[in-house]
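One structure is given here, and the rest of the page talks about it.
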Amino acid sequence: MDSLPTPGLTLHSRSGAAYRFDPGALCLELLTTGGPGPYRHYEVLHGPADLAAWADRSRLTPTPVLSISDAEVADVRMLRDALLRVVVARAAGEPHPPRDLRTINEAAARPALAPAITPDGQRQWAGTATGAQLAATVARDAVELLTGPFAHRIRTCAADDCHLVYVDTSRPGRRRWCSMEHCGNRHKVRALRARHIEEG
């Protein structure tokens, strides 16, 4: 059996440095593509090719063959925005916004990507999938996350200027940063500088 790739996405800091971010769930990977309000500035899902490229970078294995319409891209953006508001509310211990829950539940109720086995025993997705099937797969993943054993571990990065959301699947449950390479390292550098100033 082939070894699976390490889950996570490659993101870039404001300075352009690349770092790995593993949000711990497929649905949370979608939140790195933009969002409502101030997150519109980070929008990357402009058309079908952008959504297909996200699916290729995501933890879906293997990458599904997709046929996506512009309307389906708009629906995925609406799902993503609803999901962001719901998981941020969950992380803050606030009630889930009812209209956003309806958006997630409606997407989850549609047919999702269907797994299949190739003649040589490899995993694949059946046929050419639609954007709606991709959205349903993401929405079902969100339902599993929000109702599962790690729902209480949905968190936002502890850095003041970072809004990435992840689920802490570590055994001790003490993860604070989106990525130790990025925000964790920045925190260490700042703490070291502050210590030097105090000692100086």
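Values in this text are rule-based calculations from the coordinates and carry no lab data. The shown structure was predicted, so the numbers you read here are calculated from the model rather than taken from an experiment. Positions of Cβ are generated from backbone atoms using ideal geometry, with glycine treated the same way; all protein chains shown enter the neighbour counts.
Can you give the local net charge around ILE68? Use residues other than it whose beta-carbon is closer than 14 angstrom to its beta-carbon, Lys and Arg +1, Asp and Glu -1. Could you put the intermediate results ahead of the total?
Values: positive: ARG77; negative: ASP50, ASP56, ASP70, GLU72, ASP75.
Within the 14 Å Cβ shell, the charges total -4.
Provide the descending list of Cα extents for region 41-108 along its principal axes, expressed in whole angstroms.
That works out to 37, 27, 24 Å along the principal axes.
Within region 24-125, report the GluC sites (Glu not before Pro) that DSSP leaves as loop and that have at most 15 other Cβ atoms within 10 Å.
Working: sites: GLU29, GLU43, GLU72, GLU106; in loops: GLU43.
Answer by residue number: GLU43.
Pull out the extension gain between ASP168 and MET78, defined as 0.36 nm times the separation in residues minus the alpha carbon to alpha carbon distance; nm, one decimal. Working shown, then result.
Working: separation 90, 0.36 × 90 = 32.40 nm, distance 2.52 nm.
Contour length minus Cα-Cα distance gives 29.9 nm.
Treating only the Cβ atoms of Lys and Arg (+1) and Asp and Glu (-1) as charged, compute the dipole magnitude of region 36-171 about its Cα centre; round to the nearest 20 debye.
Working: 15 positive and 16 negative charges, 73 e Å.
My answer is approximately 340 debye.
What base-10 log of the normalised intensity I(q)/I(0) is obtained for region 71-115 from the Debye formula, alpha carbons as equal point scatterers, at q = 0.23 Å⁻¹?
These q points yield log10 I(q)/I(0) values of -0.80.
Spin-label point model (7 Å from Cα, Cβ direction): what's the ALA116 to SER69 distance in nm?
2.2 nm
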